[in-house]
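The values are calculated or read from the model by the stated rules, or taken from the named source; none is laboratory data. What you see is a predicted model; the values in this text were computed from it and never measured. Backbone-built Cβ (ideal geometry, glycine too); neighbour counts: all protein chains shown.
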Amino acid sequence: MEKLLVRRRLLFAAALLVAMVGVVGLLGSRVDVGAQGGPPVGEGTESRDTNEKLGGVGNEVPGFGGMYLDPDDRSVLKVFLLDPANADEAGRVRQAIVDEFPDVVPSGGISLVKGDYSVKQLSGWYDDLRRAVAQSEEIRQGLVFTDLQEGSNRLDVGVDREALVSKVKAVAIEAGVPAGALRVFFEERFEFWGGPEGYGVSSLDVGEIGTHHQTVRHRFRPLFGGLQSEGDDRGLCTYGFNAIRSNVKGFVVPSHCTDEFAEMESTEFYQPTESSSNKVCVETVDGSKFSCTVWWQEYDCRKADVAFIKFDSGITGDMGHIAWTTGNGSLVISHANPRWRIVSDSGSAAVGQITTIVGRNNGTYTPIVDRLCFYAYNAQRDVMMVCQDRAQAPNFSEGDSGAPVFRILNSPQSGDVRLYGIMFGGNSSHILYSPMSQIQSSTELGSIRTCALEIGC
(Lines give C-alpha, C1' and ligand atoms only; values in the text may rest on other atoms or scores of the structure.)
Protein backbone atom coordinates (compact mmCIF):
# COMPACT_ATOMS: atom_id res chain seq x y z
CA MET A 1 0.00 0.00 0.00
CA GLU A 2 2.82 2.37 0.92
CA LYS A 3 4.63 1.60 -2.36
CA LEU A 4 1.43 2.29 -4.32
CA LEU A 5 1.01 5.63 -2.55
CA VAL A 6 4.59 6.63 -3.32
CA ARG A 7 4.13 5.67 -6.96
CA ARG A 8 0.96 7.77 -7.23
CA ARG A 9 2.75 10.75 -5.70
CA LEU A 10 5.60 10.40 -8.19
CA LEU A 11 3.21 10.20 -11.12
CA PHE A 12 1.32 13.27 -9.89
CA ALA A 13 4.58 15.22 -9.48
CA ALA A 14 5.71 14.29 -12.99
CA ALA A 15 2.38 15.38 -14.50
CA LEU A 16 2.50 18.65 -12.58
CA LEU A 17 6.05 19.35 -13.81
CA VAL A 18 5.01 18.77 -17.43
CA ALA A 19 2.07 21.13 -17.03
CA MET A 20 4.25 23.82 -15.45
CA VAL A 21 6.79 23.59 -18.28
CA GLY A 22 3.99 24.04 -20.80
CA VAL A 23 2.66 27.13 -19.03
CA VAL A 24 6.09 28.71 -18.71
CA GLY A 25 6.73 28.10 -22.40
CA LEU A 26 3.44 29.75 -23.31
CA LEU A 27 3.86 32.82 -21.12
CA GLY A 28 7.59 33.34 -21.38
CA SER A 29 8.33 33.09 -25.09
CA ARG A 30 8.19 36.05 -27.44
CA VAL A 31 7.33 33.84 -30.39
CA ASP A 32 5.95 30.29 -30.36
CA VAL A 33 7.29 28.35 -33.33
CA GLY A 34 4.92 25.49 -32.71
CA ALA A 35 5.59 21.81 -32.14
CA GLN A 36 6.76 21.08 -35.65
CA GLY A 37 9.34 23.90 -35.73
CA GLY A 38 10.09 23.29 -39.40
CA PRO A 39 11.88 20.47 -41.16
CA PRO A 40 15.18 19.06 -39.84
CA VAL A 41 17.22 20.71 -42.58
CA GLY A 42 20.35 21.47 -40.63
CA GLU A 43 22.51 19.78 -38.05
CA GLY A 44 23.87 20.72 -34.64
CA THR A 45 22.49 22.66 -31.71
CA GLU A 46 20.38 25.81 -31.91
CA SER A 47 22.16 29.12 -31.33
CA ARG A 48 20.56 31.46 -28.79
CA ASP A 49 19.19 34.57 -30.45
CA THR A 50 19.47 38.16 -29.20
CA ASN A 51 16.11 38.11 -27.42
CA GLU A 52 17.01 34.99 -25.48
CA LYS A 53 20.31 36.55 -24.42
CA LEU A 54 18.54 39.74 -23.29
CA GLY A 55 16.19 37.57 -21.26
CA GLY A 56 19.20 35.87 -19.71
CA VAL A 57 20.57 39.22 -18.53
CA GLY A 58 17.09 40.19 -17.25
CA ASN A 59 16.79 36.96 -15.27
CA GLU A 60 20.15 37.63 -13.63
CA VAL A 61 19.49 41.34 -13.00
CA PRO A 62 15.78 42.23 -12.62
CA GLY A 63 16.41 45.96 -13.16
CA PHE A 64 18.04 45.51 -16.58
CA GLY A 65 16.17 47.39 -19.33
CA GLY A 66 18.23 47.03 -22.52
CA MET A 67 21.33 48.57 -24.10
CA TYR A 68 22.69 50.44 -27.10
CA LEU A 69 25.91 51.92 -28.43
CA ASP A 70 26.22 55.63 -27.71
CA PRO A 71 25.78 57.39 -31.09
CA ASP A 72 28.15 60.16 -29.96
CA ASP A 73 30.80 57.72 -28.74
CA ARG A 74 30.45 54.17 -30.02
CA SER A 75 33.32 53.04 -27.82
CA VAL A 76 30.81 53.01 -24.94
CA LEU A 77 27.85 50.67 -24.43
CA LYS A 78 24.94 52.41 -22.69
CA VAL A 79 22.98 50.05 -20.43
CA PHE A 80 19.51 50.79 -19.04
CA LEU A 81 19.09 50.00 -15.33
CA LEU A 82 16.09 50.95 -13.22
CA ASP A 83 18.42 52.11 -10.45
CA PRO A 84 21.96 52.79 -11.70
CA ALA A 85 22.96 53.75 -8.14
CA ASN A 86 22.26 50.21 -6.91
CA ALA A 87 25.84 48.99 -6.55
CA ASP A 88 24.89 45.32 -6.38
CA GLU A 89 22.84 45.34 -9.58
CA ALA A 90 25.36 47.63 -11.30
CA GLY A 91 28.10 45.11 -10.70
CA ARG A 92 26.01 42.11 -11.65
CA VAL A 93 24.64 43.66 -14.85
CA ARG A 94 28.14 44.34 -16.13
CA GLN A 95 29.13 40.72 -15.63
CA ALA A 96 25.83 39.37 -17.04
CA ILE A 97 26.27 41.39 -20.24
CA VAL A 98 29.86 40.23 -20.65
CA ASP A 99 28.67 36.64 -20.16
CA GLU A 100 25.78 36.88 -22.64
CA PHE A 101 27.26 39.38 -25.13
CA PRO A 102 31.06 39.08 -24.96
CA ASP A 103 31.51 40.55 -28.44
CA VAL A 104 29.23 43.57 -27.91
CA VAL A 105 31.07 45.44 -25.15
CA PRO A 106 33.39 47.99 -26.86
CA SER A 107 36.78 49.25 -25.76
CA GLY A 108 35.27 52.05 -23.64
CA GLY A 109 33.27 49.57 -21.57
CA ILE A 110 29.79 50.03 -20.12
CA SER A 111 28.04 53.17 -18.90
CA LEU A 112 24.82 52.88 -16.90
CA VAL A 113 21.81 55.09 -17.63
CA LYS A 114 18.45 55.18 -15.90
CA GLY A 115 15.78 53.10 -17.58
CA ASP A 116 12.04 53.53 -17.16
CA TYR A 117 11.19 49.86 -17.51
CA SER A 118 12.87 46.48 -17.08
CA VAL A 119 13.14 43.90 -19.84
CA LYS A 120 10.91 41.64 -17.74
CA GLN A 121 8.22 44.33 -17.56
CA LEU A 122 8.46 45.05 -21.28
CA SER A 123 8.26 41.34 -22.08
CA GLY A 124 5.02 40.99 -20.12
CA TRP A 125 3.46 44.04 -21.76
CA TYR A 126 4.73 42.84 -25.13
CA ASP A 127 2.58 39.72 -24.83
CA ASP A 128 -0.41 41.85 -23.78
CA LEU A 129 0.21 44.19 -26.71
CA ARG A 130 0.40 41.43 -29.31
CA ARG A 131 -2.70 39.76 -27.95
CA ALA A 132 -4.61 43.06 -28.07
CA VAL A 133 -3.68 44.02 -31.63
CA ALA A 134 -4.48 40.49 -32.82
CA GLN A 135 -8.11 41.00 -31.80
CA SER A 136 -8.54 43.69 -34.46
CA GLU A 137 -8.61 42.41 -38.04
CA GLU A 138 -7.97 45.94 -39.34
CA ILE A 139 -4.86 46.40 -37.20
CA ARG A 140 -3.60 42.88 -37.84
CA GLN A 141 -3.77 43.38 -41.59
CA GLY A 142 -1.78 46.59 -41.31
CA LEU A 143 0.96 45.36 -38.99
CA VAL A 144 4.49 45.62 -40.39
CA PHE A 145 6.52 44.68 -37.32
CA THR A 146 6.60 44.44 -33.54
CA ASP A 147 9.74 44.84 -31.47
CA LEU A 148 10.86 44.90 -27.87
CA GLN A 149 13.35 47.69 -28.56
CA GLU A 150 16.25 47.22 -26.17
CA GLY A 151 17.94 50.29 -27.63
CA SER A 152 15.20 52.66 -26.45
CA ASN A 153 13.73 50.80 -23.46
CA ARG A 154 10.34 50.75 -25.20
CA LEU A 155 7.89 48.57 -27.13
CA ASP A 156 7.63 49.47 -30.83
CA VAL A 157 4.94 48.69 -33.39
CA GLY A 158 5.06 49.47 -37.12
CA VAL A 159 1.88 49.84 -39.20
CA ASP A 160 1.44 50.58 -42.89
CA ARG A 161 -1.30 53.21 -42.52
CA GLU A 162 -1.30 56.46 -40.56
CA ALA A 163 -4.87 55.86 -39.43
CA LEU A 164 -3.79 52.77 -37.51
CA VAL A 165 -1.32 54.59 -35.25
CA SER A 166 -3.96 55.95 -32.88
CA LYS A 167 -5.92 52.68 -32.98
CA VAL A 168 -2.90 50.63 -31.91
CA LYS A 169 -2.24 53.03 -29.05
CA ALA A 170 -5.86 52.81 -27.91
CA VAL A 171 -6.07 49.00 -27.83
CA ALA A 172 -2.64 48.76 -26.19
CA ILE A 173 -3.55 51.12 -23.36
CA GLU A 174 -6.84 49.27 -22.88
CA ALA A 175 -4.83 46.05 -22.56
CA GLY A 176 -2.75 47.56 -19.75
CA VAL A 177 0.34 48.70 -21.65
CA PRO A 178 1.55 52.03 -20.21
CA ALA A 179 1.32 54.80 -22.79
CA GLY A 180 4.89 55.84 -22.03
CA ALA A 181 6.23 52.35 -22.82
CA LEU A 182 4.79 52.27 -26.34
CA ARG A 183 5.85 53.83 -29.64
CA VAL A 184 3.85 53.32 -32.85
CA PHE A 185 5.33 54.15 -36.25
CA PHE A 186 3.93 54.53 -39.74
CA GLU A 187 6.27 52.21 -41.66
CA GLU A 188 6.81 51.30 -45.28
CA ARG A 189 6.55 47.55 -45.81
CA PHE A 190 9.74 45.74 -46.72
CA GLU A 191 10.37 43.80 -49.92
CA PHE A 192 12.71 41.03 -50.95
CA TRP A 193 15.34 42.41 -53.29
CA GLY A 194 16.48 40.54 -56.38
CA GLY A 195 17.68 42.27 -59.50
CA PRO A 196 15.97 42.09 -62.90
CA GLU A 197 17.52 39.75 -65.43
CA GLY A 198 20.44 41.21 -67.35
CA TYR A 199 20.63 44.31 -65.17
CA GLY A 200 24.00 46.00 -64.62
CA VAL A 201 27.58 45.57 -65.73
CA SER A 202 28.88 42.18 -66.85
CA SER A 203 32.42 40.96 -67.40
CA LEU A 204 32.09 41.91 -71.07
CA ASP A 205 30.46 45.31 -70.57
CA VAL A 206 32.39 47.44 -68.11
CA GLY A 207 30.88 50.68 -69.37
CA GLU A 208 32.06 53.89 -67.73
CA ILE A 209 34.04 52.04 -65.06
CA GLY A 210 36.84 51.30 -67.50
CA THR A 211 38.70 48.16 -68.46
CA HIS A 212 41.61 48.81 -66.08
CA HIS A 213 39.44 48.29 -63.00
CA GLN A 214 37.92 45.12 -61.61
CA THR A 215 34.53 45.46 -59.92
CA VAL A 216 32.21 43.21 -57.94
CA ARG A 217 30.29 42.72 -61.22
CA HIS A 218 33.21 41.11 -63.01
CA ARG A 219 34.05 37.42 -63.39
CA PHE A 220 36.26 35.96 -60.64
CA ARG A 221 37.73 32.54 -59.93
CA PRO A 222 38.10 31.48 -57.17
CA LEU A 223 34.84 32.90 -55.83
CA PHE A 224 34.48 35.16 -52.79
CA GLY A 225 31.71 37.10 -51.04
CA GLY A 226 30.10 40.28 -52.35
CA LEU A 227 30.29 39.45 -56.08
CA GLN A 228 27.50 39.60 -58.61
CA SER A 229 25.71 36.30 -59.22
CA GLU A 230 22.72 35.15 -61.23
CA GLY A 231 20.32 32.28 -60.69
CA ASP A 232 18.79 30.82 -63.84
CA ASP A 233 15.72 32.87 -64.78
CA ARG A 234 15.88 34.78 -61.47
CA GLY A 235 17.88 37.89 -62.34
CA LEU A 236 20.91 39.25 -60.55
CA CYS A 237 21.70 39.01 -56.84
CA THR A 238 24.83 39.25 -54.70
CA TYR A 239 27.03 36.27 -53.94
CA GLY A 240 26.81 36.13 -50.14
CA PHE A 241 29.72 34.21 -48.64
CA ASN A 242 31.50 30.89 -49.02
CA ALA A 243 30.60 28.15 -46.56
CA ILE A 244 31.26 24.52 -45.74
CA ARG A 245 28.20 22.52 -44.72
CA SER A 246 28.54 18.86 -43.73
CA ASN A 247 31.96 18.83 -45.46
CA VAL A 248 30.38 20.12 -48.69
CA LYS A 249 31.83 23.34 -50.13
CA GLY A 250 29.60 26.02 -51.59
CA PHE A 251 28.16 29.44 -50.80
CA VAL A 252 25.11 31.07 -49.24
CA VAL A 253 22.56 33.23 -51.07
CA PRO A 254 19.01 34.37 -50.25
CA SER A 255 16.36 31.74 -50.88
CA HIS A 256 14.33 34.25 -52.91
CA CYS A 257 17.22 34.43 -55.41
CA THR A 258 16.55 30.77 -56.30
CA ASP A 259 13.78 29.59 -58.64
CA GLU A 260 11.29 29.22 -55.78
CA PHE A 261 11.42 30.83 -52.34
CA ALA A 262 11.45 28.25 -49.52
CA GLU A 263 11.52 25.31 -51.93
CA MET A 264 14.37 23.10 -53.12
CA GLU A 265 14.40 23.46 -56.91
CA SER A 266 18.10 22.75 -57.69
CA THR A 267 18.53 26.25 -59.10
CA GLU A 268 21.74 26.67 -61.09
CA PHE A 269 23.89 29.72 -60.39
CA TYR A 270 26.30 31.67 -62.54
CA GLN A 271 28.97 34.27 -61.87
CA PRO A 272 28.73 37.00 -62.95
CA THR A 273 25.90 36.39 -65.47
CA GLU A 274 24.04 33.44 -66.94
CA SER A 275 25.98 31.57 -69.61
CA SER A 276 27.27 28.02 -69.92
CA SER A 277 30.86 29.11 -69.30
CA ASN A 278 29.89 31.00 -66.13
CA LYS A 279 28.01 28.20 -64.34
CA VAL A 280 29.52 27.66 -60.89
CA CYS A 281 27.12 25.75 -58.65
CA VAL A 282 23.66 24.34 -57.92
CA GLU A 283 21.20 24.75 -55.04
CA THR A 284 21.21 21.77 -52.67
CA VAL A 285 19.60 23.06 -49.44
CA ASP A 286 16.70 25.46 -48.95
CA GLY A 287 14.70 25.54 -45.74
CA SER A 288 10.92 25.49 -46.12
CA LYS A 289 8.25 27.56 -44.40
CA PHE A 290 6.89 26.25 -41.11
CA SER A 291 3.85 27.13 -39.05
CA CYS A 292 4.36 29.52 -36.13
CA THR A 293 2.21 31.73 -33.95
CA VAL A 294 3.07 35.43 -33.89
CA TRP A 295 0.64 38.15 -32.78
CA TRP A 296 -1.66 35.30 -31.68
CA GLN A 297 -2.24 34.19 -35.25
CA GLU A 298 -0.87 31.34 -37.35
CA TYR A 299 1.63 32.32 -40.05
CA ASP A 300 3.93 30.63 -42.52
CA CYS A 301 7.34 31.50 -41.11
CA ARG A 302 11.05 31.36 -41.83
CA LYS A 303 14.01 32.07 -39.58
CA ALA A 304 16.28 33.16 -42.43
CA ASP A 305 16.09 33.89 -46.15
CA VAL A 306 18.92 31.57 -47.19
CA ALA A 307 19.84 28.66 -49.45
CA PHE A 308 23.06 26.66 -49.74
CA ILE A 309 24.56 26.38 -53.21
CA LYS A 310 27.05 23.55 -53.84
CA PHE A 311 30.13 24.22 -55.98
CA ASP A 312 30.32 22.41 -59.30
CA SER A 313 33.27 20.14 -59.93
CA GLY A 314 36.37 22.23 -60.63
CA ILE A 315 34.95 25.41 -59.01
CA THR A 316 36.71 26.71 -55.91
CA GLY A 317 36.08 29.48 -53.42
CA ASP A 318 38.40 31.79 -51.51
CA MET A 319 37.06 30.60 -48.17
CA GLY A 320 36.35 33.28 -45.58
CA HIS A 321 36.92 36.29 -47.83
CA ILE A 322 34.71 39.19 -49.03
CA ALA A 323 35.34 41.80 -51.73
CA TRP A 324 36.98 44.98 -50.40
CA THR A 325 36.16 47.98 -52.58
CA THR A 326 37.82 51.37 -52.69
CA GLY A 327 35.23 53.07 -50.46
CA ASN A 328 31.57 53.73 -49.71
CA GLY A 329 29.44 53.57 -52.83
CA SER A 330 32.27 52.03 -54.85
CA LEU A 331 32.01 48.89 -56.97
CA VAL A 332 35.74 48.91 -57.74
CA ILE A 333 37.78 46.32 -55.88
CA SER A 334 40.82 47.76 -54.14
CA HIS A 335 44.23 46.84 -55.58
CA ALA A 336 45.97 47.44 -52.26
CA ASN A 337 43.44 45.51 -50.13
CA PRO A 338 41.27 43.31 -52.35
CA ARG A 339 39.66 41.12 -49.66
CA TRP A 340 38.19 41.30 -46.17
CA ARG A 341 38.95 38.21 -44.05
CA ILE A 342 36.24 36.57 -41.90
CA VAL A 343 37.67 35.58 -38.51
CA SER A 344 34.38 35.14 -36.59
CA ASP A 345 30.73 34.42 -37.34
CA SER A 346 29.42 34.33 -33.78
CA GLY A 347 28.13 37.05 -31.51
CA SER A 348 25.37 39.63 -31.78
CA ALA A 349 25.40 43.18 -33.02
CA ALA A 350 24.18 45.98 -30.75
CA VAL A 351 21.69 48.73 -31.54
CA GLY A 352 23.85 51.56 -32.86
CA GLN A 353 26.51 49.24 -34.30
CA ILE A 354 28.09 50.38 -37.57
CA THR A 355 28.23 47.49 -40.02
CA THR A 356 29.57 47.08 -43.54
CA ILE A 357 27.87 45.43 -46.50
CA VAL A 358 29.05 44.80 -50.06
CA GLY A 359 26.44 44.43 -52.82
CA ARG A 360 26.58 44.11 -56.61
CA ASN A 361 24.30 47.08 -57.16
CA ASN A 362 25.56 49.78 -54.80
CA GLY A 363 28.97 48.48 -53.75
CA THR A 364 30.09 49.12 -50.19
CA TYR A 365 27.93 50.85 -47.60
CA THR A 366 27.98 51.20 -43.80
CA PRO A 367 24.48 50.80 -42.32
CA ILE A 368 23.81 51.43 -38.62
CA VAL A 369 21.86 48.71 -36.81
CA ASP A 370 18.62 50.04 -35.31
CA ARG A 371 16.58 46.89 -34.59
CA LEU A 372 17.56 43.39 -33.46
CA CYS A 373 15.54 40.18 -33.46
CA PHE A 374 12.22 41.71 -34.49
CA TYR A 375 9.37 40.06 -36.36
CA ALA A 376 8.45 41.38 -39.79
CA TYR A 377 5.63 40.26 -42.08
CA ASN A 378 6.14 40.27 -45.84
CA ALA A 379 2.90 40.34 -47.82
CA GLN A 380 4.85 39.91 -51.07
CA ARG A 381 5.49 36.24 -50.22
CA ASP A 382 3.02 35.87 -47.36
CA VAL A 383 5.71 34.94 -44.85
CA MET A 384 6.62 36.01 -41.32
CA MET A 385 10.36 36.50 -40.96
CA VAL A 386 11.20 35.56 -37.38
CA CYS A 387 13.87 37.38 -35.38
CA GLN A 388 15.57 39.41 -38.11
CA ASP A 389 17.87 42.44 -37.77
CA ARG A 390 17.48 45.86 -39.41
CA ALA A 391 19.85 48.70 -40.22
CA GLN A 392 19.54 52.23 -41.59
CA ALA A 393 20.69 52.19 -45.22
CA PRO A 394 18.79 54.29 -47.77
CA ASN A 395 21.06 53.52 -50.73
CA PHE A 396 20.51 49.81 -51.27
CA SER A 397 18.09 48.33 -53.77
CA GLU A 398 17.36 45.48 -56.16
CA GLY A 399 20.33 43.26 -56.88
CA ASP A 400 21.92 43.78 -53.47
CA SER A 401 20.12 40.79 -51.99
CA GLY A 402 22.76 38.45 -50.65
CA ALA A 403 25.19 41.17 -49.60
CA PRO A 404 27.24 39.92 -46.62
CA VAL A 405 26.75 42.00 -43.46
CA PHE A 406 29.81 42.28 -41.23
CA ARG A 407 31.67 44.34 -38.66
CA ILE A 408 35.24 45.49 -39.24
CA LEU A 409 37.49 44.32 -36.39
CA ASN A 410 40.96 44.86 -37.83
CA SER A 411 42.08 42.18 -35.38
CA PRO A 412 44.12 40.03 -35.20
CA GLN A 413 45.22 41.81 -38.38
CA SER A 414 44.07 44.64 -40.61
CA GLY A 415 41.06 43.72 -42.74
CA ASP A 416 39.67 41.10 -40.35
CA VAL A 417 35.88 41.11 -39.86
CA ARG A 418 33.08 39.43 -37.92
CA LEU A 419 30.29 38.11 -40.15
CA TYR A 420 26.83 39.08 -38.86
CA GLY A 421 24.58 37.68 -41.58
CA ILE A 422 23.15 38.12 -45.07
CA MET A 423 21.05 41.00 -46.40
CA PHE A 424 17.83 39.98 -48.15
CA GLY A 425 15.53 42.99 -48.45
CA GLY A 426 14.32 46.27 -47.05
CA ASN A 427 12.58 49.48 -48.04
CA SER A 428 13.61 52.99 -49.03
CA SER A 429 15.27 53.71 -45.67
CA HIS A 430 16.41 50.40 -44.21
CA ILE A 431 17.87 47.00 -45.01
CA LEU A 432 16.90 43.72 -43.37
CA TYR A 433 19.34 40.90 -42.79
CA SER A 434 19.13 37.38 -41.42
CA PRO A 435 21.57 37.01 -38.51
CA MET A 436 23.94 34.05 -38.29
CA SER A 437 22.05 32.62 -35.29
CA GLN A 438 18.97 32.24 -37.51
CA ILE A 439 20.89 31.11 -40.61
CA GLN A 440 22.39 28.25 -38.60
CA SER A 441 19.12 27.13 -37.02
CA SER A 442 17.99 23.57 -37.70
CA THR A 443 15.09 24.79 -39.88
CA GLU A 444 17.54 26.58 -42.19
CA LEU A 445 21.15 25.57 -42.98
CA GLY A 446 22.23 24.18 -39.63
CA SER A 447 25.89 24.34 -38.70
CA ILE A 448 28.13 25.90 -41.36
CA ARG A 449 31.76 27.08 -41.43
CA THR A 450 32.40 30.51 -42.92
CA CYS A 451 35.77 31.73 -41.62
CA ALA A 452 39.09 31.76 -43.44
CA LEU A 453 40.63 28.30 -43.40
CA GLU A 454 43.61 29.39 -41.31
CA ILE A 455 41.17 30.67 -38.63
CA GLY A 456 38.85 27.67 -38.65
CA CYS A 457 35.72 28.99 -36.90
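If we scan segment 92-106, do we find a residue that is more than 26 Å from the chain's Cα centre (by Cα), at pLDDT 95 or above, under 13 Å from Phe64 (Cα atoms) and surrounded by 13 or more Cβ atoms within 10 Å (Cβ to Cβ)? Within segment 92-106, one or more residues are more than 26 Å from the chain's Cα centre (by Cα), at pLDDT 95 or above, under 13 Å from Phe64 (Cα atoms) and surrounded by 13 or more Cβ atoms within 10 Å (Cβ to Cβ). None of Val369, Val386, Val417, Val358 is touching a strand residue (DSSP E or B) at 6+ places or on another chain (Cβ under 6 Å) and without any contact (Cβ under 8 Å) to a residue 24 or more places away in the chain except Val369. Residues that are among the β-branched types (Val, Ile, Thr) and within 25 Å of Glu260 (Cα to Cα) were ranked within segment 366-420; the one that is surrounded by the most Cβ atoms within 10 Å (Cβ to Cβ) is Val405. Every condition in (1) closer than 20 Å to Thr355 by Cα; (2) in contact (Cβ under 8 Å) with a residue 60 or more places away in the chain; (3) of a type in the set (D, E, K, R) holds for Lys120 except the one numbered (1). Against the list (1) farther than 23 Å from Glu230 by Cβ; (2) modelled with pLDDT under 95; (3) of a type outside the set (Lys, Arg), the condition Val351 fails is (2).
All conditions but one from (1) at pLDDT 95 or above; (2) surrounded by fewer than 24 Cβ atoms within 10 Å (Cβ to Cβ) apply to Val358; the one that does not is (2).
Among residues that are of a type in the set (Gly, Ala, Ser) and either within 16 Å of Ile354 (Cα to Cα) or modelled with pLDDT of 95 or more (or both), Gly115 is included.
Name the residues in segment 51-69 that are free of Cβ contacts under 8 Å to residues at least 12 places away in the same chain and either closer than 7 Å to Val119 by Cβ or of a type in the set (Val, Ile, Thr) (or both), would you? Those that are free of Cβ contacts under 8 Å to residues at least 12 places away in the same chain and either closer than 7 Å to Val119 by Cβ or of a type in the set (Val, Ile, Thr) (or both): none in segment 51-69.
Among the conditions (1) more than 18 Å from the chain's Cα centre (by Cα); (2) closer than 18 Å to Asn378 by Cβ; (3) crowded, with 23+ Cβ neighbours inside 10 Å, the only one that Glu263 does not satisfy is (3). Selection over segment 133-150 of residues that are surrounded by 14 or more Cβ atoms within 10 Å (Cβ to Cβ), out of contact with any Asp or Glu (no Cβ under 7 Å at 6 or more places or on another chain) and outside any strand (DSSP E or B) gives a count of 6. For segment 422-455, residues that are out of contact with any helix residue (DSSP H, G or I) (no Cβ under 9 Å at 6 or more places or on another chain) and not small (Gly, Ala, Ser) total 16. The set of residues in segment 71-91 being surrounded by 13 or more Cβ atoms within 10 Å (Cβ to Cβ), without any contact (Cβ under 8 Å) to a residue 24 or more places away in the chain and part of a loop (DSSP other than H, G, I, E, B) consists of Asn86 alone. No other residue among Ser434, Ser447, Ser441 is in contact (Cβ under 8 Å) with a residue 24 or more places away in the chain, surrounded by fewer than 19 Cβ atoms within 10 Å (Cβ to Cβ) and more than 20 Å from Thr325 (Cβ to Cβ) apart from Ser447. Residues in segment 281-309 that are more than 22 Å from Arg130 (Cα to Cα), modelled with pLDDT under 90 and of a type outside the set (S, T, N, Q): Gly287 only. Of all the listed residues (Asn86, Asn59), the sole one being closer than 30 Å to Ser291 by Cβ, at pLDDT 95 or above and among the polar types (S, T, N, Q) is Asn59. If the condition is being polar (S, T, N, Q) and in contact with an Asp or Glu (Cβ under 7 Å, 6 or more places away or on another chain), then segment 218-241 contributes only Thr238.
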